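Report on the structure given below.
The values are calculated or read from the model by the stated rules, or taken from the named source; none is laboratory data. Quantities reported herein were computed from a predicted structural model and do not represent experimental measurements. Using ideal geometry, Cβ is built from the backbone for each residue, glycine included, and neighbour counts are taken over all protein chains shown. Just so you know, the surface numbers come from the protein's heavy atoms only, side chains and all, with ligands and any DNA or RNA stripped out. Shrake-Rupley method; radii C 1.70, N 1.55, O 1.52, S 1.80 Å.
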Amino acid sequence: MPHPATGSKDHPSPTGPAVSRAIAERARTGRRAVVRAAAPEPVTGAGVPAAAAVLGAVHRAGAPFRDELVTATGLSHATVNRQVVALVGAGLVRERPDLVRPGTVGRPRVPVEVDTDRFGVLGLHVGLHRTTLAVGDLRGTVLSATDVPTPRDEEPAQALAGLAARLRRFAAHRPGRTVLGVGLVVGGQLSGERDRLGHPRLGWDPAPLAEIVDRVGLPGVVVVPQIEAMAGAEALLSPHVDEGTTLHVYAREAVGAVLTVDGRVHAPSGGPGTISHLPVGGTSRATAAAPAAWRPPPGTPRSPVPPTPRGWSARP
């Protein structure tokens, strides 16, 4: 079962670009930033707040110097300095004078890094049979996680409200951190606007997801389809793979595919795609990921079948 806040490509992380924007917005304004269901966005480029661009660059680089942040973000030295001061003051970034080389001549260059002690994020992955609850730091490292049964035969609003309550109780076991954002990873089918969710296998007719998310009372929620969350985690945890195109394919409880282009998850305007039926021949017709047995046509030679991988990605 993929975890929504984890450190591998199979485990989607809630500390992606949209959450970075929400966290940076809180640092800039001092107010809670609420992110409605939305497609993943880059953390650099036109239209991205400077604080989010700097925070994202610090996250990717580890412990960069300010001049390296200027190069990474394309912002001016003065803008980068202002944003670093704001992020340090908000407790999102900290300076690391202990990393300065001894004997440096002149004013030392002090690197900065994401502060992993003060704040945290929550992850909620609604799977077909199990739902994962997770608590992570601002680098996406899982601090604790657990699985609970996914509510079945319930309306989406009732099911998500119950899961949100369980997530709050689970997070209360790790006090001392202020929660800044929640990554909600879902299966099923999201609308192009990311505001409605249908999940036939859970019996969920298309429901107003954005309204439900607003009502459950969790801070800074970002809603992402499972395969896109996994691809986002891959980009987040492989910061130097930012050029070219990668196809990510996942086949376990669900089957899906998504592209990342130059380090950005490609989210089609019509909503995430689906693979509902695979024409493999034989005598059975099974919906992808449905519990069913496929039998080859009579007389087909038997051959060893390798184990099905949990997920894989390939770069053309």
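Data for the structure
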item: The one condition in (1) among the small types (G, A, S); (2) touching a Pro at 6+ places or on another chain (Cβ under 7 Å); (3) surrounded by 19 or more Cβ atoms within 10 Å (Cβ to Cβ); (4) at pLDDT 90 or above that G56 fails to fulfil; result: (4)
item: Output for the range 67-83, where each listed residue is touching a helix residue (DSSP H, G or I) at 6+ places or on another chain (Cβ under 7 Å), open to solvent by 60 Å² or more (accessible area, probe 1.4 Å) and under 23 Å from T116 (Cα atoms); result: E68, N81
item: Residue that is nearest to V112 (Cα to Cα) [pool: residues in the range 84-96 that are open to solvent by 30 Å² or more (accessible area, probe 1.4 Å) and in a helix (DSSP H, G or I)]; result: V88
item: Candidate set: the range 97-120, residues that are in a loop (DSSP other than H, G, I, E, B) and among the charged types (D, E, K, R); chosen: the one least open to solvent (accessible area, probe 1.4 Å); result: D115
item: Residue in the range 145-157 that is of a type in the set (V, I, T), at pLDDT 90 or above, in a strand (DSSP E or B) and open to solvent by 30 Å² or more (accessible area, probe 1.4 Å) present; result: yes
item: Selected residue (only one of A231, A210, A257 is part of a helix (DSSP H, G or I), in contact (Cβ under 8 Å) with a residue 24 or more places away in the chain, of a type outside the set (V, I, T) and touching a strand residue (DSSP E or B) at 6+ places or on another chain (Cβ under 6 Å)); result: A231
item: Count of the range 169-197 residues which are closer than 23 Å to E211 by Cα and over 19 Å from the mean Cα position of the chain (by Cα); result: 1
